[in-house]
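The values are calculated or read from the model by the stated rules, or taken from the named source; none is laboratory data. Fair warning: this is a prediction, and the values are worked out from it, not measured in the lab. Quick reminder, even Gly has a Cβ in these numbers, built from the backbone with ideal geometry, and neighbours come from all protein chains shown. Side chains included, ligands, DNA and RNA excluded: accessible areas come from the protein's heavy atoms. Shrake-Rupley method; radii C 1.70, N 1.55, O 1.52, S 1.80 Å.
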Amino acid sequence: MRVGVALGVVTLIALTVIVVASVFTERSTGKASAINVAGSLRMQSYSLATRIASLQTVPGDGVAAALAAIDGFEERLHSPKLVEALPTDANAGLRRAYDQIVGDWQAQVQPLAKAAIGDAARRAEFLAGVDGFVARVDDFVVLLERDVEARIQWLRVWLGAAFFMIFALVVTAIVLLRVEVFQPLSELLRSARAVRTGSFRARVNTTGPDEMGQLGQAFNSMVEQLARLYGSLEKQVAEKTPTWSGRTVAVAAVRDTQLLSEKPLDAGTLQTVLANLSRALGAEGA
């Protein structure tokens with residue numbers, strides 16, 4: 001159960017890492033798109049400034065191009081890819097930077113750009129303020145990049161911690177298997193080999209409440225019963241040995257008396273049968 005719990009926790013952590021990495025990848029994809037859109041705002045700002053500045057030389061077609069640049073900037077500024085990547089907390093630094101850009105655009109830059117299209121005197125004022133607006137856009141892009149980098153750093157910390165936990169749990173499981181399973185099995189195998197050679201003093205030290213402990217208790221009990229049984233058999237054999245020896249001698253003596261009917265009754269035959277009967281009866285002389 002302990003090994004199963006350790007492996008289960010390892011599996012759970014691995015699944016969590018996969019889920020977190022997948023969610024981060026999905027969100028990072030949106031952040032990358034938001035950075036691209038935010039970066040394009042700088043280009044769009046300079047493009048708008050260039051088109052308004054060109055109205056002095058190309059007043060006809062330049063008006064339509066300038067108005068298209070204003071609409072393009074407005075569309076990019078409110079792009080879903082950019083807005084969805086922003087935090088919902090209004091007090092977050094990234095959200096405040098975006099709200100400031102939107103406010104500057106709607107209150108100052110956009111009205112001034114439209115006024116500069118029809119009024120040459122306002123063009124210089126617009127062009128003078130573009131650099132400051134672009135600088136704020138740059139700051140916003142930097143904040144977006146830092147937010148992505150912070151998320152990547154957080155993912156690294158999380159993956160490092162998860163890897164360390166998995167490594168620790170795997171090492172713990174290996175040590176647990178070695179201490180709780182492999183070592184008791186080795187001890188049980190050595191004891192079983194000793195019992196097989198006739199050494200009934202072999203015992204195992206693993207007698208805990210777990211499965212290996214129960215197996216060790218059963219083994220020790222079996223060896224004790226075998227030792228008692230073997231000792232009882234030895235005692236019975238020792239007790240029966242004299243009787244069996246006497247019976248063996250008696251049978252041999254009876255067999256030797258057959259010599260009286262098989263061989264001539266000479267002195268040698270009679271002496272042999274008499275010696276065997278004396279030995280069987282335990283006689284001192286005959």
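Looking at (1) at pLDDT below 85; (2) assigned to a helix (DSSP H, G or I), which is the one condition that is false for Q110? That leaves (1) as the condition not met. Restricting attention to the range 1-15, the residues that are out of contact with any helix residue (DSSP H, G or I) (no Cβ under 7 Å at 6 or more places or on another chain), open to solvent by 100 Å² or more (accessible area, probe 1.4 Å) and within 18 Å of M212 (Cα to Cα) add up to 1. Only residues that are open to solvent by less than 80 Å² (accessible area, probe 1.4 Å) and either at pLDDT 80 or above or at positive phi (or both) were counted across the range 23-41, and they come to 7.
Give the number of residues within the range 259-275 that are among the polar types (S, T, N, Q) and open to solvent by less than 90 Å² (accessible area, probe 1.4 Å). Give the derivation first.
As a first pass, look at the range 259-275 and keep what is among the polar types (S, T, N, Q): 261, 269, 271-272.
Subsequent filtering for residues that are open to solvent by less than 90 Å² (accessible area, probe 1.4 Å) retains 269, 272.
Of the residues in the range 259-275, 2 are among the polar types (S, T, N, Q) and open to solvent by less than 90 Å² (accessible area, probe 1.4 Å).
Out of L94, L55, L48, report the one residue that is hydrophobic (A, V, I, L, M, F, W, C), modelled with pLDDT under 80 and open to solvent by less than 40 Å² (accessible area, probe 1.4 Å).
L55
Please indicate, with yes or no, whether at least one residue in the range 80-91 is assigned to a helix (DSSP H, G or I) and open to solvent by 80 Å² or more (accessible area, probe 1.4 Å). Yes: one or more hits. Of all residues in the range 210-238, exactly one satisfies the criterion of being among the acidic types (D, E) and exposed (fewer than 12 other Cβ atoms within 10 Å of the Cβ), namely E234. Suppose we keep only residues that are open to solvent by 40 Å² or more (accessible area, probe 1.4 Å) and either of a type in the set (K, R) or under 27 Å from L176 (Cβ atoms) (or both) within the range 195-209. Which one would you say is nearest to the chain's Cα centre (by Cα)? Going through the qualifying residues, I end up with P209.
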